[in-house]
Amino acid sequence: MKVTFYQRFHGETEQNYIRDCLSSNLETDGFFMQKLLGVTKKLYPDSFALFTTSCTLALETVMGCLELNAGDEVLLPSFNFPSAANAVLRAGGRPVLCDIDPLTQNLSLEDVKNRISKRTKAVVAVHYGGVACPMEELNRLCREAGAVLIEDAAQGIGAFYQGIPLGTLGDYGTVSFHHTKNLTCGEGGLMLTRQEGAYHRAQQYRLHGTNRTMYLNGEADRYTWNMPGSCAALGEPAAALLLSQMESLDEITRIRTRIMEQYMEFLEPLERQGIGRRMVIPDYARPNGHIFYLRFEQPRQCRAVRERLAEEGIDCKSHYVPLHVSPMGQKLGYKPEDLPESYRCYQTLLRLPVHTGMNQEAAELVAGRIMELCSRKKGV
Ligand SMILES: *Cc1c(COP(=O)(O)O)cnc(C)c1O
C-alpha cells in the first residue's frame, strides 16, 4: 500500500460554490468573501479578519503596518519557512534568528530572552505543526520590551492555546491555506488582529495603501493613496473554495488529530528503546493534527528510515533547512553552528504522512514499518 504525504480534503459543497461564483462578476470582497468572513467570525469572535493571497502576504501586511526603521530588529525562529524573514527584510527591518526548544521545535524562551533588546520591534512566534508556543511567557517578554507579538499560525487553523484559537493571542496572527496546510484554496492566507486601528491600517495595506474599503462601503466619496501598500486580497473563486473548506474544519481537524494520536500510541516504544522521540504536546496546547513528527537520536538513522520507507511507497519528509544555515542566512552573517538545536532538528526530524485520506490501517502500516526498520539488528 502506498501512502502519500499530502492529500487535500474535498468538500461536498465546493463544486456548487465555485459554479455559483463563476456566474458573478468576481468583484473583490464580493458575495463569497462576505460569506467566508461570516463563518470566520464564529471561529475568531474577538478578532478582525482580512483574507490575503497567502500567509506570506498576510505577514507582509503585518510588517507593513509596523513602520520599521533601519536597524529595527524582529526576532523569529531559524527553524522556519522564509516568509516572515522576507517580510521583515521587505519592510526595512533586520531579522534576528533564534534557536528552538528541542521538545516542541517552537521558539526557545531562553534564546528570546538573550536576544530581545531595545532594538527589538517585534517577535514572530511560529506554532510549529499547529502546537502552540508558550504564549503567556512570550506576551510578557514582549510587553516588557515594548515589542509587538506576531503569531505565524500558518499551520495553526483549528488549534488552540488554553482554549483560545492560535493567531488571536498576540497583537497580530497569520494563517495559511497553501495546499500543504489543513485547509486549502490553492493559495490563500488570513491576517488576524484584535486591534481596530491595526485592522484599518492592514485593510489599506491590502488594497494598494488606499481606503478603497471605505469608498466601497459608502463612507468616503473617493479613495486615495494613504500609505505604502500592496495588492494582497484573496479573490472570489478562492474565497468560494475556502468557504467550503471552512465549513468542514471540525471534520478535517478530527480526522487528522486521530491519525496523530494513533502515531503517538503506536510509536511510543521508540522512546523506551532510545531510538527517537515523538513530538511533544504541552498541556496548554490543543493541536490540529497538522503534522506528526519524530526526532531521531542519529541523523543517519533518520535518513535511512526515510529512504527505506520511500522505496516502499511511504512518503515521509524532513523539514526546513534552518534559515541561518541557508545561503541567504550565510549572507546575513550566520554560521551553521550559531543555533545548534535548529541545526540538529534539521538533521533528525522526520514528518510522517497525515491527511484526511488516511485511515487507521494506513497509520498502523506506517508506524509498524518504522518500528520494524528500527528494531531489526541489521536495519537502520
Ligand atoms: C506554510 C507556511 C508559510 C507560508 O504560507 P503561504 O500561504 O504559502 O505564504 C509561512 N510560515 C509557515 C510557518 C508556514 O508553515
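Across the stretch 267-380, C-alpha contacts under 8 Å between residues 6 or more apart give a mean separation that, scaled by the residue count, equals a relative contact order of 30 percent. In the distance distribution for the chain, Cα-Cα pairs more than 26 Å apart total 53 percent.
Taking a ≥ b ≥ c as the square roots of the eigenvalues of the Cα gyration tensor, the stretch 70-117 is classed as oblate, since a/c reaches at least 1.5 and a/b does not exceed b/c. Near residue 100, once Lys and Arg are set to +1 and Asp and Glu to -1 for all other residues with Cβ below 12 Å from its Cβ, the sum equals -3. Heavy-atom accessible area, probed at 1.4 angstrom with all protein chains present, ranks 31, 266, 9 as 31, 266, 9, highest first. Please list, in order, the residues from the stretch 135-160 whose amide nitrogen is less than 19 Å from a point placed 7 Å along the Cα→Cβ vector of residue 110. So the set is 135, 137-138, 141.
Computed over the stretch 93-169, the Cα gyration tensor eigenvalues convert (square root of 5λ each) into semi-axes of 20, 13, 11 Å, ordered from largest to smallest. Put the Cα centre of the stretch 19-66 next to the Cα centre of the stretch 204-233 and the gap is 15 Å. Remark: for residue pairs 121/181; 42/121; 41/181; 181/317; 2/181; 113/331, the C-alpha separation exceeds 23 Å in 121/181; 42/121; 113/331. For the stretch 127-148, backbone nitrogen atoms closer than 16 Å to the point 7 Å from residue 117 Cα along Cα-to-C-beta are found at 145-147. Dimensions of the stretch 234-320 based on its C-alpha atoms, expressed as ranges along the principal axes with the largest first, amount to 50, 33, 22 Å.
Which shape class applies to the stretch 54-190: rounded if a/c is under 1.5, otherwise prolate when a/b exceeds b/c and oblate if not, where a ≥ b ≥ c are the square roots of the Cα gyration tensor eigenvalues? Oblate is the answer for the stretch 54-190, as a/c is 1.5 or above yet b/c matches or exceeds a/b.
Measuring only protein heavy atoms, the 1.4 Å probe finds residue 112 accessible over about 0 Å². Close amide-amide hydrogen proximity is noted between residue 13 and no other residue 5 or more places distant or on a separate chain, at a cut-off under 5 Å (H modeled in the peptide plane; Pro and chain starts excluded).
The aspartates and glutamates within cross-link reach of residue 335, meaning a Cα-to-Cα straight distance under 15 Å and a gap of 8 or more places when in the same chain, are 99.
Between residue 5 and residue 144, what FRET efficiency comes out of the Förster formula 1/(1 + (r/R0)^6) with R0 = 45 Å and r the beta carbon distance, rounded to 0.05? For R0 = 45 Å, the calculated efficiency reads 0.65.
Structural size metrics of the stretch 161-312, computed from C-alpha coordinates, are Rg and Dmax of 21.4, 70 Å.
Ranking 95, 299, 365 by how far each Cα lies toward the positive end of the dipole of the chain (charges on Cβ) leaves 299 at the top.
Mind giving me the FRET efficiency for residue 215 and residue 331? R0 is 51 Å, r the Cβ-Cβ distance, nearest 0.05 is fine. Taking R0 as 51 Å, the efficiency between residue 215 and residue 331 is 0.75.
Using Cβ point charges alone (K and R +1, D and E -1), the dipole size of the chain about the Cα centre works out to roughly 880 debye. Summary of packing: across the peptides 150-156, 54-60, the per-residue average of other C-beta atoms within 10 Å ranks them, highest first, as 150-156, 54-60. Structural descriptor for the chain: relative contact order 22 percent, calculated from alpha carbon pairs under 8 angstrom and at least 6 residues apart. In the context of the full set of protein chains, residues of the stretch 200-350 present 49 Å² of accessible surface per residue (probe radius 1.4 Å, heavy atoms only).
Classify the stretch 234-380 as rounded, prolate or oblate, taking a ≥ b ≥ c as the square roots of the eigenvalues of its Cα gyration tensor: rounded when a/c is under 1.5, otherwise prolate if a/b is larger than b/c and oblate if not. Oblate is the answer for the stretch 234-380, as a/c is 1.5 or above yet b/c matches or exceeds a/b. Among 331, 35, the order of accessible area from largest down is 331, 35, computed with a 1.4 Å probe on protein heavy atoms.
On the basis of the beta-carbon distance and an R0 of 51 Å, residue 300 and residue 251 show a calculated FRET efficiency of 0.80.
What is the dipole size for the stretch 6-48, taken about its Cα centre, with +1 at each Lys and Arg Cβ and -1 at each Asp and Glu Cβ, in debye to the nearest 20? Using only the charged Cβ atoms, the result is roughly 120 debye. Average accessible surface for the stretch 111-168: 35 Å² per residue, computed with a 1.4 Å probe over protein heavy atoms with every protein chain in place. Can you send over the carbon and sulfur percentage of the accessible area for the stretch 1-157, probe radius 1.4 Å, protein chains only? Ligands and nucleic acids excluded, carbon and sulfur reach 51 percent. Expressed as a whole percent, the accessible area of the stretch 165-229 that falls on carbon and sulfur atoms is 48 (1.4 Å probe). Computed over every Cα-Cα pair of the stretch 1-93 and binned at 10 Å starting from 0, the pair-distance distribution P(r) comes out as 13, 27, 30, 23, 7, 0 percent. Here the stretch 17-96 is treated with +1 on each Lys and Arg Cβ and -1 on each Asp and Glu Cβ, and its dipole about the Cα centre works out to around 260 debye. Of 149, 220, 126, whose Cα points farthest to the positive end of the dipole of the chain (charges on the beta-carbon: +1 Lys, Arg; -1 Asp, Glu; origin at the Cα centre)? The residue sitting most towards the positive pole is 126. For the options 341, 251, 361, a Gaussian network treatment of the chain with springs between C-alpha atoms closer than 10 Å singles out 361 as fluctuating the most.
The values are calculated or read from the model by the stated rules, or taken from the named source; none is laboratory data. No experiment lies behind these values; they were computed from the predicted model shown. Here the Cβ is made from the backbone with ideal geometry for all residues, glycine too, and neighbour counts use every protein chain on show. Accessible surface is based on the protein model in full, side chains and every heavy atom, while ligands, DNA and RNA are left aside. Shrake-Rupley method; radii C 1.70, N 1.55, O 1.52, S 1.80 Å.
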